[in-house]
Amino acid sequence: MTQSHSEIEAISPIWNWKITSLCALFLLFIGIAAISFGPINLSFSRIIRTLLGMHGGLTGPDRTVLIDLRLPRALLAALVGAALATSGAVYQSVFRNPLADPYLLGAASGAGLGATIAITNSHGNVYSLLPIFSFVGGTLAVLTSFFISGKFFAEPQSLLLSGIAVGSFATAIQTYLQQRHSASLRPVYSWILGELTVANWQILSWSSIYILMALAILISISKQLDGLMLSDEESFSLGINPNKLRIIAVAAATLATATAVSASGLIGFVGIVVPHLVRGVTHRVTNRNLLTIALAGAAFLVLADLGARTLLSPAELPIGVITAFVGAPFFLVVLRRRRTVAS
Amino acid sequence: MIVIKDLAVSLSGKEILKDISLTITEGLWSCLVGPNGAGKTTLLKVLLGTTPYSGSVKSNGVEVFRNQKRNVAFVPQQPQIPQGMTVAEYVMLGRAKKDGWGNESAKSRDFIAEVLAQTNLYGLHKQMVSHLSGGEMQRTLIARALAQEPELILLDEPTSALDLHHQIDVLNNLQFLQKSGVTIVSTMHDITLAAMYAERIVVMQSGRVLADGSSTEIIHSAELRTAFDNRINVFTLDSGRPVVVAKKDGK
């Protein structure tokens with residue numbers, strides 16, 4: 001019997017639009033909740049009126065809370081969540097390692113060092129310098145990892161190893177600086193645990209340019225990333241230049257990560273938890289779900305930030321505590337499942 | 001036709017291939033045989049175009065290094081097995097050059113359905129490749145190569161993970177393809193099977209070609225025994241088919 005293509009067609013869609021749309025709806029729902037709830041609860045209908053510029057919107061302090069605090073914060077959380085989750089998924093494809101995360105190549109440690117230098121050397125407004133220093137630090141660390149890893153073109157694992165070495169070195173310098181300037185310990189650790197309290201329209205506008213650009217690049221090459229899950233010889237025979245594609249993918253993912261880190265500090269586990277969650281639901285190759293992963297990452301971090309703001313209200317938890325609280329057990333479950341499958 | 005002249009390959013300062021001059025004839029099945037470390041896999045990678053070399057390796061007059069205009073399928077001995085990809089999707093990757101990445105035409109899906117049936121994979125097409133047995137994975141790799149509709153297929157030990165029954169299935173599939181005009185170059189440790197299927201055998205040892213000729217000619221040659229340090233015996237069955245076996249304790 002000759003099989004028809006319709007049977008193949010039914011099992012090989014590139015996007016699962018139902019799940020992608022569900023993620024988008026969930027993000028919208030969580031986003032509205034995030035700007036409504038907090039120490040001061042805002043009316044949903046008045047929020048909508050305010051956003052649409054209609055009569056009967058919020059006024060006075062409530063309006064300031066919405067426009068200047070909650071809205072940029074929720075949008076930044078969404079952007080950072082999308083950036084970290086997508087970068088994590090791409091790193092997992094590129095390094096053929098399901099436990100790879102966006103901070104692997106030294107971006108986190110480099111950004112941490114940059115932030116520490118900013119905090120220990122600034123006397124005035126730290127937060128205006130912090131994003132720039134951490135962005136430069138993160139990017140320099142990744143570039144150093146590339147530079148040291150001469151064999152990157154032959155073996156991606158060597159880039160991973162040099163990333164770990166550069167990361168350890170940057171952390172060592174950071175610790176030294178912290179010890180020299182003990183007064184900086186609290187702000188540095190606060191930043192390391194991740195925070196979105198500094199979110200404002202200025203940070204949001206520059207970080208959105210880099211993050212959206214990086215996400216557009218990654219989503220446009222997502223189908224080709226299938227090829228990087230094969231050996232270099234196989235992907236070459238299928239028409240891919242694996243080295244070129246790997247560089248584009250890693251550069252875009254690093255740009256997104258470094259921007260996210262410089263805007264919000266080190267928020268861990270998003271890059272691992274979200275791609276695996278989406279893959280668990282869709283049973284699809286991670287890189288074929290990049291749009292879904294970006295939306296799910298955005299929703300996850302907006303939800304985590306809502307938790308960070310409201311669980312100990314009026315006090316705030318660092319958002320990294322929430323993501324780690326969910327992420328660390330999840331990471332162990334993934335590891336255990338991998339071991340079970342392997343055995 | 002691929003013409004190799006004075007080929008040499010050095011990796012990390014070590015000479016892997018040297019003084020190789022060969023011609024790979026179009027439409028024939030050529031098999032590279034020799035002990036481990038003879039340079040067979042490196043020669044396959046040179047023919048694919050991924051390994052830098054000195055000398056000249058020209059396919060229809062054009063150097064093969066980094067030349068992706070050719071449609072060459074490569075079946076590795078130890079493939080990277082992606083997580084979260086079904087057999088049908090994995091085989092569909094073979095159509096990437098024809099359709100563009102991620103664009104799966106109706107014609108390609110028809111073709112994939114045929115290839116899956118031909119390689120006895122149809123019932124497994126929804127299964128994840130990471131859950132396949134060694135033999136099923138090997139057939140999936142061959143199916144992906146067939147999906148490419150290549151002009152040349154390079155196979156590194158295509159039968160090493162298979163039981164005898166599946167070895168014959170895979171080799172019959174390849175022979176069917178070769179008879180339709182596709183050039184095949186493979187490495188194979190089983191010289192008896194190599195002589196059964198390949199029209200031409202290239203004997204390699206320590207990065208050099210010791211002998212090159214028709215299967216019937218090479219199987220009884222002194223060079224084949226030399227390549228394996230005289231530790232093999234060649235018998236001829238009543239049917240006239242040669243059988244190569246290893247000598248026990250070198251005797």
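Numbers below:
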{"read-out": "Residue-averaged [θ]222 nm for chain A, counting only DSSP H segments that reach four residues, each worth -39500 (n - 2.57)", "value": "-23500 deg cm²/dmol"}
{"read-out": "Spin-label proximity, B:I232 to segment B:3-40 - amide N less than 13 Å from point 7 Å beyond Cα toward beta carbon", "value": "B:31-36, B:38"}
{"read-out": "Computed lengthening from B:E199 to B:K58, 0.36 nm per intervening residue step minus Cα-Cα distance", "value": "48.6 nm"}
{"read-out": "In Hz, Karplus ³J(HN,Hα) per residue of segment B:15-30 (6.51, -1.76, 1.60; θ = phi - 60°; x = Gly, Pro)", "value": "7, 9, 10, 8, 6, 9, 10, 8, 10, 9, 7, 4, x, 9, 9, 9"}
{"read-out": "Charge dipole of the protein assembly as shown about the Cα centre (unit charges at C-beta), most positive-ward option of A:W206, A:T120, B:S160", "value": "A:T120"}
{"read-out": "Chain B - convex hull of the alpha-carbon atoms, volume per residue in Å³", "value": "142 Å³"}
{"read-out": "Net charge, B:V33 excluded, C-beta distance under 15 Å - Lys, Arg +1, Asp, Glu -1", "value": "-3"}
{"read-out": "Whole-number percent relative contact order across chain B, with pairs defined as alpha carbons under 8 Å at least 6 apart", "value": "25 percent"}
{"read-out": "Normalised contact order of segment A:16-342, rounded percent, pairs of Cα under 8 Å and 6 or more residues apart", "value": "30 percent"}
{"read-out": "FRET efficiency for A:Y189 and A:S122, using Cβ-Cβ distance with R0 set to 22 Å, rounded to 0.05", "value": "0.85"}
{"read-out": "Residue exposure sequence - B:K40, B:K107, B:K126 - by fewest surrounding Cβ within 10 Å", "value": "B:K107, B:K126, B:K40"}
{"read-out": "Antiparallel DSSP beta bridges within segment B:100-251, percent to nearest 5", "value": "70 percent"}
{"read-out": "Ascending count of other beta-carbon atoms within 10 Å, so fewest first, for A:W17, A:W191, A:W206, B:W101", "value": "A:W17, A:W206, B:W101, A:W191"}
{"read-out": "Using alpha carbons only: equivalent-ellipsoid semi-axes of segment B:78-149, gyration tensor based, whole Å", "value": "18, 13, 11"}
{"read-out": "Over 30 Å (Cα to Cα) - which of B:K40/B:K126; B:K14/B:K97; B:K69/B:K126; B:K98/B:K179; B:K45/B:K98; B:K18/B:K97 fall in this group", "value": "B:K40/B:K126; B:K14/B:K97; B:K69/B:K126; B:K18/B:K97"}
{"read-out": "Length-normalised contact order for segment B:116-243 - Cα pairs under 8 Å, 6+ apart - percent", "value": "17 percent"}
{"read-out": "Amide H within-cut-off set for B:I232, under 5 Å, with H built and near neighbours excluded", "value": "B:K247"}
{"read-out": "Packing-based exposure ordering (other Cβ within 10 Å, fewest first) of A:V136, B:V3, A:V273", "value": "B:V3, A:V136, A:V273"}
{"read-out": "Equivalent ellipsoid dimensions for segment A:250-329 as semi-axes, Å, which come from the Cα gyration tensor, largest first", "value": "23, 16, 10"}
{"read-out": "DSSP bridge pairs, the protein assembly as shown: antiparallel proportion in percent, nearest 5", "value": "60 percent"}
{"read-out": "Cα-based equivalent ellipsoid, chain A: semi-axes from gyration tensor eigenvalues, Å", "value": "34, 28, 17"}
{"read-out": "Under Karplus coefficients 6.51, -1.76 and 1.60, residue-wise ³J(HN,Hα) of segment A:87-103 in Hz, glycine/proline x", "value": "4, x, 4, 5, 4, 5, 6, 5, 8, 6, 9, x, 9, 5, 10, x, 8"}
{"read-out": "With 10 Å bins from 0: P(r) over the protein assembly as shown, alpha-carbon pairs, percent", "value": "3, 15, 22, 20, 16, 11, 7, 4, 1, 0, 0"}
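No value in this document is a laboratory result; all are computed from the given coordinates. For clarity, every value in this text was computed on a predicted model and none was experimentally measured. Reconstructed Cβ throughout: ideal geometry from the backbone, glycine too, with neighbour counts over all protein chains shown.
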